[in-house]
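Here the structure comes first, spelled out in structure tokens, and everything after it is commentary.
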Amino acid sequence: MTGVQTCALPILTLDSAARAHRRGTAMLRRGAREASRGYIVVPLNCGQQINDVVTITDLRAPISAAQRRVVSLTHLYKPKRPIYTVRIGLEAL
């Protein structure tokens with residue numbers, strides 16, 4: 001089966017259906033965020049921080065005003081061609 005993922009966790013603290021429902025909803029939300037993870041490589045921006053919300057528009061890949069949360073920052077330097085860039089890890093809001 002493609003696109004289907006099962007998760008069975010024995011959690012003893014879920015002593016009611018309402019708590020189990022809340023936990024299941026939280027797990028689904030987290031899975032949806034993680035499924036939409038990706039990254040972009042851009043020129044160095046010293047003001048970029050983890051948990052910032054950025055808006056991405058790219059005409060080459062039909063993305064228009066997609067909002068994503070910054071989850072990682074990797075600064076890159078290429079000494080042969082003195083270029084600083086940053087790889088920004090993203091996930092959905």
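Scanning the stretch 27-51 for residues that are outside any loop (DSSP other than H, G, I, E, B) and of a type in the set (Ser, Thr, Tyr) gives a single hit, Tyr39. Of the residues contained in the stretch 32-41, none is found to be at pLDDT 90 or above, of a type in the set (A, V, I, L, M) and surrounded by 13 or more Cβ atoms within 10 Å (Cβ to Cβ). When the stretch 58-76 is filtered for residues that are surrounded by fewer than 10 Cβ atoms within 10 Å (Cβ to Cβ) and either modelled with pLDDT of 85 or more or on the phi > 0 side of the Ramachandran plot (or both), only Ala65 remains.
The values are calculated or read from the model by the stated rules, or taken from the named source; none is laboratory data. Just so it is clear, the structure is predicted and the values come from calculations on it, not from any experiment. Here Cβ is always computed from backbone atoms with ideal geometry, including for glycine, and neighbour counts include all displayed protein chains.
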